[in-house]
Amino acid sequence: MHNVAINAVIAESSRLLKQCILAQAAHTLGQERLSGFPDSVCVKTAIGVNVEIEPIPLGELKEYAGGLPGFLMEVFHGKLLQVWHDCLSELFKMLVDLHFAGKRRFSELKKREVTVDFRLDVPFETQIKERLRRDFDFERYSDKVKLLNGVFNPSNEQEEHFARIASHVQIRNSFHHRGGILDQFLLSELGCHKLVLLDAGGIPREYGIGDRLGVSIPEFEALRRSLLVVGQVWRKWDG
């Protein structure tokens, strides 16, 4: 049963990698084509029904070209991590359902407080399960993984791969909330003093506080491999 959610991560991660590579290749080819036109050439496009923007000189558009590869990587990076977060939610939901069905006690959840609404025409069991799921979705990533790993991987195998995934969760948070700038908060969350990521050539690069973070295709693939390794470890669980 748990393999359904894990298989979805495996399949979707492969699809996103191919899309990411294709998007980067399309951008490179497009830039080569645009470079053949004078900066004075203008482009215009429709942005709504019978609405067009004023013509924009290619010279202005070329100024944005340098940031597009990074933007594309942030998009696919975020998509991949969202797939992983969805997997965690599905696995938690499965464990809760197994507990209430009397098939497997979810003792790792320990003591939780939930509220029920007597005004609703909804069974208390349904309300409790839904509340537990919602609360789980808002927990810190580290707490989610610790809980689920205690079930599926109690011997804590492949720690380095869990650490890589955790670092990328914080990187995505940095993209969303801190402009992608590495700060002390991110390092504190990871419990480390530096961050090392692969550059476009697959060479490890060390990032320090104040540096703008970037995810290359080699680093994206490293994250994907870590997700696959963790997925394979969790797949061994037999309930």
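The values are calculated or read from the model by the stated rules, or taken from the named source; none is laboratory data. All values reported here derive from a predicted model rather than from experimental measurement. Cβ coordinates were reconstructed from backbone atoms using ideal geometry, including for glycine residues, and neighbour counts include every protein chain displayed.
Residues in the stretch 220-239 that are more than 14 Å from the chain's Cα centre (by Cα), surrounded by fewer than 19 Cβ atoms within 10 Å (Cβ to Cβ) and either of a type in the set (Phe, Trp, Tyr) or within 11 Å of residue 17 (Cα to Cα) (or both): 237 alone.
Could you tell me which of the residues 52, 113 is at pLDDT below 95, in contact with a Lys or Arg (Cβ under 8 Å, 6 or more places away or on another chain) and among the charged types (D, E, K, R)?
Working: 113 fails: in contact with a Lys or Arg (Cβ under 8 Å, 6 or more places away or on another chain).
Being at pLDDT below 95, in contact with a Lys or Arg (Cβ under 8 Å, 6 or more places away or on another chain) and among the charged types (D, E, K, R) holds for just one of 52, 113, which is 52.
Being polar (S, T, N, Q), more than 17 Å from the chain's Cα centre (by Cα) and more than 30 Å from residue 106 (Cβ to Cβ): is that true of residue 35 here? Here the answer is yes, as residue 35 does meet what is asked. Just checking, does the stretch 203-219 include any residue being part of a helix (DSSP H, G or I), within 22 Å of residue 20 (Cα to Cα) and in contact (Cβ under 8 Å) with a residue 40 or more places away in the chain? The answer is yes, given that some residue of the stretch 203-219 is part of a helix (DSSP H, G or I), within 22 Å of residue 20 (Cα to Cα) and in contact (Cβ under 8 Å) with a residue 40 or more places away in the chain.
Quick check on the stretch 187-195. Is at least one of its residues farther than 25 Å from residue 16 by Cα, outside any strand (DSSP E or B) and touching a strand residue (DSSP E or B) at 6+ places or on another chain (Cβ under 6 Å)? I'd like the intermediate steps shown before the answer.
Looking only at the stretch 187-195, we keep the residues that are farther than 25 Å from residue 16 by Cα, and these are 187-194.
From the residues that got through so far, the ones that are outside any strand (DSSP E or B) too are 187-194.
Within this subset, residues satisfying the condition of being touching a strand residue (DSSP E or B) at 6+ places or on another chain (Cβ under 6 Å) are 194.
Yes: one or more hits.
Close Cβ contacts (under 8 Å, 6 or more residues apart or on different chains) running from residues in the stretch 9-33 that are exposed (fewer than 15 other Cβ atoms within 10 Å of the Cβ) to residues that are modelled with pLDDT under 85 comprise 31/65. There is no residue in the stretch 169-177 that is more than 14 Å from residue 74 (Cα to Cα) and either of a type outside the set (Asp, Glu) or surrounded by fewer than 19 Cβ atoms within 10 Å (Cβ to Cβ) (or both). Name the single residue that is surrounded by the most Cβ atoms within 10 Å (Cβ to Cβ) among those in the stretch 50-109 being in a helix (DSSP H, G or I) and among the polar types (S, T, N, Q). Selected residue: 89.
Is it the case that the stretch 165-184 has a residue that's part of a loop (DSSP other than H, G, I, E, B), touching a Pro at 6+ places or on another chain (Cβ under 8 Å) and either more than 18 Å from residue 233 (Cα to Cα) or of a type outside the set (S, T, N, Q) (or both)? It would help to see each step written out before you state the result.
Filtering the stretch 165-184 down to residues part of a loop (DSSP other than H, G, I, E, B) leaves 178-180, 182-183.
Restricting the remaining residues to those that are touching a Pro at 6+ places or on another chain (Cβ under 8 Å) gives none.
Among the residues of the stretch 165-184, not one is part of a loop (DSSP other than H, G, I, E, B), touching a Pro at 6+ places or on another chain (Cβ under 8 Å) and either more than 18 Å from residue 233 (Cα to Cα) or of a type outside the set (S, T, N, Q) (or both), which makes the answer no.
Beta carbons closer than 7 Å, at least 6 apart along the sequence or on distinct chains, never pair a first residue in the stretch 125-152 that is under 18 Å from residue 227 (Cβ atoms) with a second that is of a type in the set (D, E, K, R) and not in a helix (DSSP H, G or I).
Report the residue count in the stretch 133-168 for those that are of a type in the set (A, V, I, L, M) and either surrounded by fewer than 17 Cβ atoms within 10 Å (Cβ to Cβ) or farther than 16 Å from residue 87 by Cα (or both). Show your work before the answer.
From the stretch 133-168, those of a type in the set (A, V, I, L, M) are 145, 147-148, 151, 163, 165-166; that's our starting set.
Now drop any that are not either surrounded by fewer than 17 Cβ atoms within 10 Å (Cβ to Cβ) or farther than 16 Å from residue 87 by Cα (or both), which leaves 163.
Counting residues in the stretch 133-168 that are of a type in the set (A, V, I, L, M) and either surrounded by fewer than 17 Cβ atoms within 10 Å (Cβ to Cβ) or farther than 16 Å from residue 87 by Cα (or both) gives 1.
Here 149, 156 are screened, and the one residue that is under 30 Å from residue 110 (Cβ atoms) and either at pLDDT 95 or above or aromatic (Phe, Trp, Tyr) (or both) is 149.
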